[in-house]
Amino acid sequence: MAKNTLPFKNRVKQLEHTFKLMLAQKIEATHNRFTSWRHENDLFFSIIKWILMATAAYTLLNWIWGDRGIFSGWSLEENTSTPLERIKVSLTILGGTGGIGYLVIKFRERSALEREEANEKLVRAVQQLGDASPQVRIAGVYSLADVADTYEGLYHQRVVDILCGYLRTDRLLKDANGETRYATHEDGTPNHDQPLSTDGAVESTILSILASHLKAHSRTNNGKQFSLGSWSSCNLDLHGAYITEQVDFTDTQISEINAQDTKFSRDVCFSRSTFTRKVNFLNAKFSQHATFTGSQIVCLANFGGVTFTQLANFNRAAFVSDAQFTGTTFGGGVLFIETLFQEWADFQSTKFIKGCAFFDTKHIQEPIFHESLFNIKLKNTKWFAFSESIELNEEGLPKGAKWSEFDDHGRPITPENRNRTNFTDSKDQAEKTSPTNSPLHGGDEDSGEVTSEMS
């Protein structure tokens, strides 16, 4: 067997995951077809539903008030009933059924009028969102939120889709040649992690509206029972967006978030957040601190190919399902202190450039670090710490991992590109990095806040 071949049980786990994914897609497709069929026959099913409810209520009341059993309201005394009485009863039942149908139809007509009114308000709000004035666009954001709060139902997801779609548009500042403009470093060179935006006020308003409607609120004085946010069942589609404002989704509950290829140029915080259906940050980039302390991820979490430029904090997070960090780059250190991995934790080909802490981490299944790379410049420091649940090799690294050199851009140095790489020696790197800057020596464990020493 080849040396780099994954263990057999890990390949089996991959096959199991593929089968589960295919099965889930099949179930979802069947559900969508059934939903479409139900929608086409919605009026018929509404009438049938109300008739059945009326029938059940009539039967129950006659059972309570009568003395001849549960079907007392549906039987006639043979010695007292006449054909005329039977006709009267039949006509009464038919009239009641017709009345129910009429009420259902009138209710549907009223609902249609409300939907028409809601759609008109929605169109006006979208027109505001496209206005040249940022003040008018902000008013449009609040108008959209008001539509969702007033008419509820499908308008929750519709408004969320509009707001997320706006965030996915290109709102960055351009120069005369149409190129994106960036903030500059002290030496005057452009900082490509900090693009300039002309729409920061509107963007921050949208993020604030989303956070407030996703936040869970306490229903009791002791804070043990919570009511979900009105938009917590909605899906957030932010794929490919460039978010230039700070994201604070603390204490939120999110059904599904798609942030594939999304770039976050400022701090992002999902502390104590709950994700229930899908988490997709594939190939996303976090230019500043990314905080997931205390988050509960009960679904598949895909952080594959993500670039964390600054510190990534996953302290006390719980990954109930598979956690994928394949090909992820931790450029500013990562914390997994007291983190729970109940299923498969995949760190294949992950790059740990500055350091990592796996203190008291719990792995129900053996994590995978196949071909993961750790910065050899920090080999004799205390910047790497692993819990007892992680099996180490003779190099002091997780099984399957190895030491590697990195250039100034976080790229591994191989014998093929060594002569072409401008690489500072270990002595210079040691002088630039103080032990107090280690991710093992900073951070507020209770609040999940990141101290300036960890920047």
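Summary table
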quantity	calculated
Among (1) at pLDDT 85 or above; (2) outside any loop (DSSP other than H, G, I, E, B) - the single one residue 428 does not satisfy	(1)
Neighbours by Cβ (under 6 Å, 6+ apart or cross-chain): first from the range 245-259, within 26 Å of residue 183 (Cα to Cα); second of a type in the set (A, V, I, L, M, F, W, C) and assigned to a loop (DSSP other than H, G, I, E, B)	249/270; 259/238; 259/281; 259/284
Lone unmet requirement of (1) among the polar types (S, T, N, Q); (2) within 23 Å of residue 255 (Cβ to Cβ); (3) part of a loop (DSSP other than H, G, I, E, B) for residue 310	(2)
Residue that is farthest from residue 198 (Cα to Cα), among those in the range 242-270 that are out of contact with any helix residue (DSSP H, G or I) (no Cβ under 8 Å at 6 or more places or on another chain) and aliphatic (A, V, I, L, M)	257
Unique residue being within 26 Å of residue 289 (Cβ to Cβ) and open to solvent by 40 Å² or more (accessible area, probe 1.4 Å) when the list is 163, 154, 167, 173	173
When residues of the range 367-386 are limited to those that are in a loop (DSSP other than H, G, I, E, B) and modelled with pLDDT of 90 or more, the one surrounded by the fewest Cβ atoms within 10 Å (Cβ to Cβ)	371
Search result, residues across the range 333-360 that are farther than 19 Å from residue 299 by Cα and either among the basic types (Lys, Arg) or open to solvent by less than 10 Å² (accessible area, probe 1.4 Å) (or both)	333, 334, 335, 350, 351, 352, 354, 355, 356, 357, 358
Filter result (open to solvent by less than 90 Å² (accessible area, probe 1.4 Å) and either touching a Leu at 6+ places or on another chain (Cβ under 7 Å) or assigned to a loop (DSSP other than H, G, I, E, B) (or both)) within the range 176-195	178, 180, 182, 183, 185, 188, 189, 195
The range 304-322, residues that are in contact with a Leu (Cβ under 8 Å, 6 or more places away or on another chain) and open to solvent by less than 30 Å² (accessible area, probe 1.4 Å)	304, 305, 306, 311, 312, 313, 314, 315, 317, 318, 319, 322
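The values are calculated or read from the model by the stated rules, or taken from the named source; none is laboratory data. All values derive from a computational prediction rather than experimental measurement. We place every Cβ from the backbone using ideal geometry, glycine too, and count neighbours over all the protein chains shown. All accessible areas refer to the heavy atoms of the entire protein, side chains included, with ligands and DNA or RNA removed. Shrake-Rupley method; radii C 1.70, N 1.55, O 1.52, S 1.80 Å.
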